[in-house]
């Protein structure tokens, strides 16, 4: 028994020593190793799935949402970035320890935006989620084929309503009469600078400017103690509407 025990100890030591040698060789070859504390994306994925997926009904719309929920979770994982910390004499970075971290919302949103622009319209067939079919119209002919969609493919079953025109049934009032902005330059966001184009011109409408006189408080003074006295000033304001 003593000899057998010594044999097991010697064998274990040999295996451990061999593993250490291979590990060091791996470090010298790859120059980095996994370590640190990666973001627990699996826990976040599980929580998001429990919070969102359990509320979806067993309908065609519910199945579409379930698939698109998975695409969202997939986008979070695919955009994770590798962070590394250097180890070495005088910061030589001979070896680095790396871990995975969630990317910012801009990177995740950019990937989802690309998926949104390539989304597939599908017709629900039967009741099985795998039996979706794509409808293609080419030269007036509608073709249907089974579509094995990928993990990163967003899908939809109905076209969006026309938000340019009023549709009280759908709850949209259209863009006619909507106010937009012609401001440009420093301090103006891209969305504000393009608001008239998106709301008016893209919907086949023109713009109408309206000048109004606006009263506002100005030249305010603090009077001891303890009042603030202001004058009333008139200011011409130019507002722009879709027409």
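Of all residues in region 106-119, those that are under 11 Å from residue 153 (Cβ atoms) have Cβ atoms under 6 Å from Cβ atoms of residues that are modelled with pLDDT under 95 and surrounded by 14 or more Cβ atoms within 10 Å (Cβ to Cβ), 6 or more apart or on another chain, in 115/152; 115/154; 116/154; 119/154; 119/156. For residue 150, the conditions (1) assigned to a loop (DSSP other than H, G, I, E, B); (2) within 30 Å of residue 198 (Cα to Cα); (3) at pLDDT below 85 are fulfilled apart from (2).
Scanning region 185-203 for residues that are surrounded by 10 or more Cβ atoms within 10 Å (Cβ to Cβ) and assigned to a loop (DSSP other than H, G, I, E, B) yields a total of 4. Could you say whether any residue in region 171-180 is farther than 30 Å from residue 159 by Cα and either without any contact (Cβ under 8 Å) to a residue 40 or more places away in the chain or outside any strand (DSSP E or B) (or both)? Among the residues of region 171-180, not one is farther than 30 Å from residue 159 by Cα and either without any contact (Cβ under 8 Å) to a residue 40 or more places away in the chain or outside any strand (DSSP E or B) (or both), which makes the answer no. Residues in region 90-116 that are modelled with pLDDT of 90 or more, exposed (fewer than 14 other Cβ atoms within 10 Å of the Cβ) and part of a loop (DSSP other than H, G, I, E, B): 104 alone. Might you let me know whether region 222-234 holds any residue that is under 28 Å from residue 117 (Cα atoms) and surrounded by 10 or more Cβ atoms within 10 Å (Cβ to Cβ)? No: zero hits.
The values are calculated or read from the model by the stated rules, or taken from the named source; none is laboratory data. In this text, all values refer to a predicted model and were calculated from it rather than measured experimentally. Note: ideal-geometry Cβ built from the backbone for every residue, glycine included; neighbour counts use all protein chains shown.
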